């Protein structure tokens, strides 16, 4: 996976990564929309793991959806998990450990990127991947009671870039992002709307250079109005920035390693997401 990620991201950097601006035609939800409180829901979701598809501008987009056992009317958080270059939603569900780290019921969505140049990924060409997110969220809302105040996005490598893309294009819909070994989108302009952020990056990453993670950190620190002071938080070696806007914390986890996801990251991300209201 690391070799595929290196190839895809090399192409991404070399070609300038044609990424669309938020609010592009056909991109769906207005990025400034206030999601408000969860709506009234009567039926409980039918629990289980299903593979499905949605149509996005005439293109069939696929995903894996995991619905938990929950009470009727219980508003549930939604966690979008984006795979790295060359991956798939099903593979990342089998690899990532977010579901088993959750302490409360939640909906997990594992989208599939389209293949470009022979490998799957998230270039968001013409706004297509943000539009996919919009369609997926609508699909989930039609099948379960969703707490619209708690929609989250995380992902590794290319999926980390996609998490930040959604933070840029859909802050206000997405409550928080957790990019892992990813960076900011290269050509997507950001709305500069606050979103909580939990960021992890290896200092010796040779696939997505460490400064790309620092660039994402600095963006969220600035947008969320944080100060320069930090304090250690669990899990080690994470630090939390002080003085951030209420409800929009920024946690930065620089670890001595390469292009990888250390085991402590899973609990750190889920603990951060579950702490937000």
Inset, instruction - Kindly indicate the residue of region 207-221 that is touching a helix residue (DSSP H, G or I) at 6+ places or on another chain (Cβ under 8 Å) and not in a helix (DSSP H, G or I) and also nearest to residue 272 (Cα to Cα) among those meeting that condition. - result: 208
Legend entry - Subset tally (residues that are within 20 Å of the chain's Cα centre (by Cα) and under 17 Å from residue 122 (Cβ atoms)) for region 54-80: 8
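Matching residues to (1) surrounded by fewer than 24 Cβ atoms within 10 Å (Cβ to Cβ); (2) within 28 Å of residue 43 (Cα to Cα); (3) modelled with pLDDT under 95; (4) touching a helix residue (DSSP H, G or I) at 6+ places or on another chain (Cβ under 8 Å):
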| site | (1), (2), (3), (4) |
| --- | --- |
| 153 | no, yes, no, yes |
| 159 | no, no, no, yes |
| 174 | no, yes, no, yes |
| 182 | no, no, no, yes |
| 188 | yes, no, yes, yes |
| 200 | no, no, no, yes |
Inset, instruction - Consider only pairs whose beta carbons are under 8 Å apart and that are at least six residues apart or on different chains; among these, list those whose first residue lies in region 120-143 and is without any contact (Cβ under 8 Å) to a residue 24 or more places away in the chain and on the phi < 0 side of the Ramachandran plot and whose second residue is surrounded by fewer than 24 Cβ atoms within 10 Å (Cβ to Cβ) and assigned to a loop (DSSP other than H, G, I, E, B). - result: none
Inset, instruction - For residue 220, state whether it is within 17 Å of residue 263 (Cα to Cα) and at pLDDT 95 or above. - result: no
Inset, instruction - Being in contact with a strand residue (DSSP E or B) (Cβ under 6 Å, 6 or more places away or on another chain) and not in a loop (DSSP other than H, G, I, E, B) is the filter; apply it to region 255-277 and report the residue that is surrounded by the fewest Cβ atoms within 10 Å (Cβ to Cβ). - result: 255
Legend entry - Number of positions in region 90-115 that are within 17 Å of residue 178 (Cα to Cα) and buried (at least 21 other Cβ atoms within 10 Å of the Cβ): 9
Legend entry - Output for region 55-84, where each listed residue is in a loop (DSSP other than H, G, I, E, B), within 20 Å of residue 128 (Cα to Cα), out of contact with any strand residue (DSSP E or B) (no Cβ under 9 Å at 6 or more places or on another chain) and in contact (Cβ under 8 Å) with a residue 24 or more places away in the chain: 57
Inset, instruction - Give region 102-122 a look and list any residue that's over 16 Å from residue 153 (Cβ atoms) and touching a helix residue (DSSP H, G or I) at 6+ places or on another chain (Cβ under 7 Å), or say none. - result: 103, 104, 117, 119
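The values are calculated or read from the model by the stated rules, or taken from the named source; none is laboratory data. Everything numeric in this text was worked out from a predicted model, so none of it was measured. In this analysis, Cβ positions are derived from the backbone assuming ideal geometry, glycine residues included, and neighbour counts consider all displayed protein chains.
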